[in-house]
Amino acid sequence: MSASDSLGARPLTAKRSGALAGRMRVPGDKSTSHRALILGLLSIGKTSVEGLLESDDVLRTAQACRQLGAAVERGGQGLWNVRGVGIGGLVEPDGVLDFGNAGTGTRLMMGVVGGHPISATFDGDASLRKRPMRRILDPLSRMGAQVVAEAEGGRCPITIAGARHAAPIEYRTPVASAQIKSAVLLAGLNAPGCTTVVETEASRDHTERMLRHFGAQVDVAPQGEAGRRITLTGQPELRPAPVIVPGDPSSAAFPIVAASIVEGSDVVVEGVMLNPLRTGFLATLRDMGARIEAVNPRQEGGEEIADLRVRASELRGTDVPAARAPSMIDEYPVIAVAAAFARGETRLRGLSELRVK
């Protein structure tokens, strides 16, 4: 008897696909979806969001916005309206803010709460409870927030008492992390003066772009060889702004790789976000010989988007530098699939941040 028989497993047979052809759209970008809801909460008036990713993670953020005082309503498939309460107008939630498995929503909303004179408890599922939050809590403490309760190692459930009078700070991030940076900037919205985040290596800049889209003043300057200095002017009056959520590049990576490795394929993926801090996987695939063409480039809500035409190609191994990790941290698994079909050896560097995703 084989090992699979003894375990009750049934053998599976994979068959080679025929050529892929046609046009498709991928779901809305998760990072943009979270931020659209949160900045809608912090604006006064109604923000309309089109193409929102209706995943459990994003819907948890929508519920947290409701608990903090916003009216959040679904108007149709991917169409949402957020009637916000403005900076300084949050209400203290009656119950726990349960984010399920949403690490992004948890960390960003910790920044929102940390800058306001309210208390809230953050919790989630078993996976979220394993993820460290201390590097979010440390800068928030410097801004005046207090950690009232936490599980061992700075993990959820965590109760935060937001700052009575949030203080602006200059904070140097210990690692390239858009979540740390975003939490500090969101807390800084309710602080007088300027809050500055210094990165030695640039991370995703969706928060900065969307803050500008809603009317905040955010100045970005180069810092060293590859870093940036981001300065937010606090206590703005954010104005409601319509948001069209672009296609999620992380989701687009799968059909892009599939079309690259299946002989004879010719596929167009429509409306994909091409933020340069999210497209490291495209650079890697092109290094491997993939034929990927950006068609009809345009802008929506401060983000570059385009349709991507992908044709089958013979991939070759490559060496992915660690410096590219922040721009493709979610795409390493699918790049590994491409590497399995490439000629020669592929080395993937900079994967350590995956441990805390």
Practice task
Could you tell me whether the range 203-225 includes any residue that is touching a helix residue (DSSP H, G or I) at 6+ places or on another chain (Cβ under 7 Å), more than 22 Å from residue 37 (Cβ to Cβ) and of a type in the set (Gly, Ala, Ser)?
Solution key: no
Practice task
Scan the range 64-92 for residues that are of a type in the set (S, T, N, Q) and in contact with a strand residue (DSSP E or B) (Cβ under 8 Å, 6 or more places away or on another chain) and report the count.
Solution key: 2
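If a residue must be in a helix (DSSP H, G or I) and closer than 22 Å to residue 355 by Cβ, how many such residues does the range 112-139 contain? Explain how you work it out, then say what you get.
Going through the range 112-139, the residues in a helix (DSSP H, G or I) turn out to be 112-114, 126-129, 134-139.
Add one more test, that the residue is closer than 22 Å to residue 355 by Cβ, and what stays is 126-129, 134-139.
Going through the range 112-139 one residue at a time, the tally reaches 10.
Taking the residues in the range 144-183 that are small (Gly, Ala, Ser) and within 21 Å of the chain's Cα centre (by Cα) as candidates, determine which candidate is nearest to residue 226 (Cα to Cα).
Among residues in the range 144-183 that are small (Gly, Ala, Ser) and within 21 Å of the chain's Cα centre (by Cα), the one nearest to residue 226 (Cα to Cα) is 176.
So, residue 104, is that one under 27 Å from residue 278 (Cβ atoms), out of contact with any strand residue (DSSP E or B) (no Cβ under 6 Å at 6 or more places or on another chain) and either in the same structural domain as residue 128 (by TED's automatic domain parsing) or touching a residue at least 40 places away in the same chain (Cβ under 8 Å) (or both) or not? Break it down into steps so the answer makes sense when it comes.
Working: under 27 Å from residue 278 (Cβ atoms): yes; out of contact with any strand residue (DSSP E or B) (no Cβ under 6 Å at 6 or more places or on another chain): yes; either in the same structural domain as residue 128 (by TED's automatic domain parsing) or touching a residue at least 40 places away in the same chain (Cβ under 8 Å) (or both): yes.
Yes; evaluated as a whole, the condition is true for this residue.
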Handout entry: Single residue of 339, 294, 323 found to be of a type in the set (A, V, I, L, M, F, W, C) and closer than 23 Å to residue 21 by Cβ
Key = 294
Completion exercise
Of the residues in the range 293-339 that are among the polar types (S, T, N, Q) and farther than 21 Å from residue 204 by Cβ, the one that is surrounded by the most Cβ atoms within 10 Å (Cβ to Cβ) is 318
Completion exercise
For the range 335-352 the number of residues that are closer than 21 Å to residue 258 by Cβ, touching a strand residue (DSSP E or B) at 6+ places or on another chain (Cβ under 8 Å) and modelled with pLDDT of 95 or more is 7
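The values are calculated or read from the model by the stated rules, or taken from the named source; none is laboratory data. The model shown is predicted, which means the values in this text are computed figures rather than measured ones. Methodologically, a virtual Cβ is constructed for each residue, glycine included, from the backbone with ideal geometry; neighbour enumeration extends over all protein chains shown.
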